[in-house]
Every structure is written in structure tokens, then in C-alpha cells.
Amino acid sequence: MAPSISKADRRAALDVAAWMFNVCTSVGIIMVNKQLMAVHGFSFATTLTGLHFSMTTLMTFVLRCMGNIQPTRLPTNDIVKFAFCANVSIVGMNVSLMWNSVGFYQIAKLSMIPVSCFLEVLFDKIRYSRDTKLSIIVVLMGVAICTVTDVSVNTKGFLAAVIGVWSTALQQYYVHYLQKKYSLGSFDLLSHTAPAQAGSLLLAGPIVDFWLSHKRVDLYNYDVPAVFFIVLSCIIAVGTNLSQFICIGRFTAVSFQVLGHMKTVLVLTLGFLFFGKEGLNAQVVVGMMLAIVGMVWYGNVSSKPGGKERWVYPLPSEKTQKGLVGIVENGDLDDKV
């Protein structure tokens, strides 16, 4: 007889599968979008994101009709707040990239980790161990070494980066929060939020893209290769959106950000392999190795008891409770405001 698989081993295998699904789809869509934008000149990122969510909406609609997604409830105000944060995140990060240097843009992306930590400490009362904090610092240092080169910033670029970072961190925290609060699966949450994002981005996307690139999306030359990569990008985006919700639901926004920098390392490596080795030097290699060490360290310490846990407030002792009762009975507490 084959040995039975424990519940912990099964969960670990599903965690790895979910993470690999996210890494593969995320790296794949970056490579496809780079080909679409760099080679075919499709510079309409916001509109493209709207098309991504339109394809995701179509996929969830088909699955619902097939009975694979059961009807669930998500209040309209939560959908509106989520879509607002997500759309501001997309526009904010695009504007940040346009107004800032690439180096400062990378620093802004790295700052999402401490912002996500702050949100978890503030709302979920999470406490991080010393080793967990150190491992996050190692990841940040490694990614900064291999990605941050020139750093220049201006006032409007800084404001765009702040808006983009905070809205992204809030959106990712909100994914985990909504799934836990309403007991929603990844498909369930996508089926509620994707239509709102698709509609709003398709309406605002052409305007935002014209503002950013001074080009009209309706005047673009939609030849066969460009259309092929647009459709391919939309198909991969379905997996990217789904895998993001799965990973944040299974882990947390902080873990998603920390381990997500593995995608940065893979994108750099694949970029050097497929688009030339310009920029590959000892500094980049050292940075990638340091980032990988930090990610492995974080995965190890955060999974151990005490690595990352909720604050537990101690209950009053029996002696303290008796003292409080005595005070109340004696009328020592006044009602003055």
C-alpha cells in the first residue's frame, strides 16, 4: 500500500503548486507584454489591463454557467472600494514609472513590503520575530542591489509613487481580508471584482493612456502579430489574476510581496537570456543571490512558531478581576465625561 499523505504535506504541496502557478504566469505575462510593447509599440498599459480583466470576467462567467462557481455574496461597497484601490494602484504605478527614474521606481516597489507589514500590524495585530524582519531586510537589499541604478525623483513623481505603493498594498491586503471575512474562494472573489475593474479600466484606460503616451489606442495599427500578443497576454492574465488571489488567500500580502521578488530575479535572468546580456555584471549577480538567500530564509523562519503571529492580549487575572468588581460595587467609578 502507498503511504498516506498527511494533511500538512498536502497543504505544503498545494502551497508550492499555487506559488509556482503564480510565478509562471507572472513571468510569462511580463515576457509577452515586453514583446508587445517594446517590439510592436503597444504602449497602452491601462487599456491592456482592462482587456485582461475583461477576459477574466468572461472566464468567470463561463465557469458560473457551467456550475463550477457557486453564487456568493459580496457587498457592493466592498466591490467599489476594492476596484478603486486596484485601479488607482495600476494608474499610480504607471505614472510613477513615467515621472521617476527606473531606480526610484524600483525603490518604490520595494517599499510595498514595509507598507504591507504596517497594514498587517495595524489591522491584524501581527507580530514579526527578529529573524523574520532580518530576512525581509536581506531580500530588500538583494533586490535593490540588482535593480536600483540611477535614482532621481521629483515632487510629482514622489506623490505618484506614494499613491501607487499605498493603493497596491491596500488592494493586496483587501484580497486576503475579503476572502477571510466572507469565506470566498479565489474564483468567487474574482467573479465579483473583475467586472467592476474591467468596465472602469476600459472606460478610463484610453484617456489615461493618451495622457501618458500622447497616443490614441483606436489609431494603433492592429496587425496580426500585435493582435496575437494582445490575445496571448489576456489569456495569461487570467492565470495571473487567479494565482494572485490564490496566493494572497493562502498566505498574506507580505509573504506574497517577499516571495514575489523571486519573479524579479527570474525576469532579470530570462531578460538576459532572451534579450541580450547588456547590464549583466557582478553587482547584479550578487544582488540576485542575496535576494534568493533572503527569500529562502524568510520562508523558513516565517513558517516556524513565533516567526509571524497575532498579538494575544492576556486576560485579566482572577485577582485583578476581583479588584475591579470591588471597585464597581463600592461605587468608586464615577460617570463623569
Cα-based helix-to-principal-axis angle, 155-182 vs the chain, degrees rounded to 10: 60 degrees
Carbon and sulfur %, accessible surface of the range 32-190 computed with the full protein complex present, 1.4 Å: 69 percent
Cut-off under 5 Å, modelled amide H: who pairs with Tyr222 long-range: none
For Ile126, residues with placed amide H under 5 Å, excluding near neighbours: Val121, Trp311
Trypsin sites (Lys or Arg not before Pro) restricted to the range 144-237 and DSSP loop, no more than 16 other C-beta within 10 Å: Lys215, Arg216
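Per residue, what accessible area does the chain have, given a 1.4 Å probe and all protein chains present, in Å²?
Result: 55 Å² of accessible area for each residue.
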Square roots of five times the Cα gyration tensor eigenvalues for the chain, Å: 38, 26, 23
Cα principal axis extents for the range 8-144, largest first, Å: 49, 45, 34
Centroid-to-centroid separation of the range 1-77 and the range 99-133 [C-alpha atoms, Å]: 24 Å
Compactness of the range 211-268, expressed as Rg and Dmax over alpha-carbon positions, Å: 16.2, 43
nm² value of the averaged projected area, convex hull over the Cα atoms of the range 117-176: 5.4 nm²
By accessible area with a 1.4 Å probe, ligands and nucleic acids excluded, highest first: order of Leu268, Leu119, Leu202: Leu202, Leu268, Leu119
27 Å Cα-Cα threshold exceeded, pairs from Lys156/Lys180; Lys34/Lys133; Lys181/Lys304; Lys81/Lys109: Lys156/Lys180; Lys34/Lys133
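Do any trypsin sites (Lys or Arg not before Pro) in the range 91-135 lie in a loop, going by DSSP, with at most 13 other beta-carbon atoms within 10 Å of their beta carbon, and if so which? Walk me through the numbers before you get to the answer.
Details: sites: Lys109, Lys125, Arg127, Arg130, Lys133; in loops: Lys125.
Those that pass, being in a loop and sparsely packed, are Lys125.
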3J(HN,Hα) from dihedral phi, the range 259-265, Karplus parametrisation 6.51/-1.76/1.60, rounded to Hz, x for glycine, proline: 5, x, 6, 4, 5, 4, 5
The range 189-305: radius of gyration over Cα atoms, expressed as a fraction of 2.2 N^0.38 Å: 1.41
Per-q log10 I(q)/I(0), the range 111-233, q = 0.11, 0.13 Å⁻¹ (Debye; single scatterer per alpha-carbon; no solvent): -0.67, -0.91
Table column - 3J(HN,Hα) (Hz), the range 233-239, Karplus curve with 6.51, -1.76, 1.60, x for Gly and Pro: 4, 5, 5, 5, 4, 4, x
Debye intensity ratio in log₁₀ form over the Cα atoms of the range 176-225, taken at each q of 0.21, 0.29 Å⁻¹: -0.78, -1.02
Per-residue HN-Hα couplings for the range 288-293 [Karplus 6.51, -1.76, 1.60; θ = phi - 60°; Hz; x = Gly/Pro]: 5, 5, 5, 5, 5, 4
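Would you mind putting 84-96, 250-262, 290-302 in packing order, based on average other-beta-carbon counts within 10 Å, highest first?
250-262, 84-96, 290-302
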Area projected by the alpha carbon convex hull of the range 1-68, averaged over all directions, nm²: 7.6 nm²
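The values are calculated or read from the model by the stated rules, or taken from the named source; none is laboratory data. Keep in mind it's a predicted model, so treat the numbers as computed, not measured. We place every Cβ from the backbone using ideal geometry, glycine too, and count neighbours over all the protein chains shown. Side chains included, ligands, DNA and RNA excluded: accessible areas come from the protein's heavy atoms. Shrake-Rupley method; radii C 1.70, N 1.55, O 1.52, S 1.80 Å.
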